[in-house]
Amino acid sequence: MRILVVITGVGDPNFKQKITHLHNNFKLLDKTKPKNSIIDFEIIYYDDKLNEFTFDKKFNIKKIYNKGLVGTHIYNHLSQKNFQDYDHVVAMLDDIVLCKNFDLNEMINLQVKYEISIFSPSLTEDSVINNGHMRTRSRHDGKLIIQNHLEYFCYLFCLSNPKIKDALGLWLSLFTEDTKYTWGTASAITHCLNLKCVMHNDVHMKHLFKGAHQGGKAMDEWRRLNERLKLKYGKISDPNRKGVLGFIDYKK
């Protein structure tokens, strides 16, 4: 089994904190990977500070320089990439911490068992976020939560299961050369692409920093996305569409 882990943009601000946590994330992913599996790590970076940091030599890490914001990195690198050598793909931001209860092997097994298109940990209660729909919910312990809106922090994709292998390509189809802020994609994957997007309520990650204010440019990007979605799917993406579509009691 071969797994690709991609960090979709690394750099300032808060570079030193990000890179320390990123290295720890790599250690946890490597420690909890399935037996007889290989992980390839790819880091997209947008300033040269990354070259000053030395990662553990046991990790197979490829560094890709790319200017711009996260949407640009995803479009320029991931949407142009051939994934035929991989069974699973993990795409992550640079400012999250995977908590100790994250187990990559368990996440992969649950994703395959329940045929989850896009799978994500939930956010800790002390995460820095704009809204709370991705936070863990104590009243839903023992549940996987089928989301109406799955925000991008850490996405798991499975390319080896025929029923869910197209999810990565569909997500990437939302990006164009003009995408920078990714507004609207979190609800488009459920409402327009009809993907089964699930958050693991009992497995956590912490988001460290609040993003910069995106303003009118992000709104313009969202409107352009909706024009494309309306033309292709007859639907639009509404970033305010929160809520839960259902639950999976994975402990039964």
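Residues in region 77-100 that are surrounded by fewer than 14 Cβ atoms within 10 Å (Cβ to Cβ) and over 22 Å from Lys16 (Cα atoms): Gln80, Asn82, Gln84, Asp85.
For region 123-140, filtered to residues that are of a type in the set (Val, Ile, Thr) and surrounded by 15 or more Cβ atoms within 10 Å (Cβ to Cβ), the residue that is modelled with the lowest pLDDT is Ile129.
When Phe102 is evaluated against the numbered criteria (1) of a type outside the set (Lys, Arg); (2) under 25 Å from Leu150 (Cα atoms); (3) not in a loop (DSSP other than H, G, I, E, B), which criterion, by number, is the only one it fails? Checking Phe102 against (1) of a type outside the set (Lys, Arg); (2) under 25 Å from Leu150 (Cα atoms); (3) not in a loop (DSSP other than H, G, I, E, B), the one that fails is (3).
Applying the criterion of being part of a loop (DSSP other than H, G, I, E, B) and among the hydroxyl-bearing types (Ser, Thr, Tyr) to the residues of region 125-165, the residue that is nearest to the chain's Cα centre (by Cα) is Tyr152. Taking residues in region 90-102 that are within 16 Å of Asp30 (Cβ to Cβ), and partners anywhere that are of a type in the set (D, E, K, R), the pairs with Cβ atoms closer than 6 Å and at least 6 places apart or on different chains are Val97/Lys206.
Matching residues to (1) closer than 22 Å to Gly71 by Cβ; (2) in contact (Cβ under 8 Å) with a residue 60 or more places away in the chain; (3) in contact with a Cys (Cβ under 6 Å, 6 or more places away or on another chain):
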{"position": "Pro162", "(1), (2), (3)": "no, no, no"}
{"position": "Leu168", "(1), (2), (3)": "yes, yes, no"}
{"position": "Val198", "(1), (2), (3)": "no, yes, no"}
{"position": "Asp220", "(1), (2), (3)": "yes, no, no"}
{"position": "Lys232", "(1), (2), (3)": "yes, no, no"}
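Taking the criterion of being over 16 Å from Val97 (Cβ atoms) and either in contact with a Ser or Thr (Cβ under 8 Å, 6 or more places away or on another chain) or not in a loop (DSSP other than H, G, I, E, B) (or both), the residues of region 115-124 that qualify are Ile118, Phe119. Would region 231-249 turn up any residue that is farther than 21 Å from Ile74 by Cα, touching a Lys or Arg at 6+ places or on another chain (Cβ under 7 Å), part of a strand (DSSP E or B) and among the β-branched types (Val, Ile, Thr)? Yes, that holds for at least one residue.
Checking the conditions here, which among Ile44, Ile74 is free of Cβ contacts under 8 Å to residues at least 40 places away in the same chain and surrounded by 15 or more Cβ atoms within 10 Å (Cβ to Cβ)? I'd like the intermediate steps shown before the answer.
Values: Ile74 fails: free of Cβ contacts under 8 Å to residues at least 40 places away in the same chain.
Only one candidate passes the filter, namely Ile44.
How many residues, within region 156-185, are touching a Ser or Thr at 6+ places or on another chain (Cβ under 6 Å), over 14 Å from Lys113 (Cα atoms) and modelled with pLDDT of 95 or more? It would help to see each step written out before you state the result.
Step one: filter region 156-185 for residues touching a Ser or Thr at 6+ places or on another chain (Cβ under 6 Å), giving 164, 167, 172, 174-175, 180, 184.
Of the ones still in play, those that are also over 14 Å from Lys113 (Cα atoms) are 167, 172, 174-175, 180, 184.
From what's left, modelled with pLDDT of 95 or more: 167, 172, 174-175.
Summing the residues that are touching a Ser or Thr at 6+ places or on another chain (Cβ under 6 Å), over 14 Å from Lys113 (Cα atoms) and modelled with pLDDT of 95 or more in region 156-185 gives 4.
Of all residues assigned to region 2-15, at least one qualifies as being part of a loop (DSSP other than H, G, I, E, B) and within 18 Å of the chain's Cα centre (by Cα).
Applying the selection to region 116-150, what residues are in contact (Cβ under 8 Å) with a residue 12 or more places away in the chain, farther than 25 Å from Trp171 by Cα and among the basic types (Lys, Arg)? Of everything in region 116-150, just one residue is in contact (Cβ under 8 Å) with a residue 12 or more places away in the chain, farther than 25 Å from Trp171 by Cα and among the basic types (Lys, Arg), namely Arg137.
The values are calculated or read from the model by the stated rules, or taken from the named source; none is laboratory data. All figures in this text were calculated on a predicted structure; none of them were measured in a lab. Quick reminder, even Gly has a Cβ in these numbers, built from the backbone with ideal geometry, and neighbours come from all protein chains shown.
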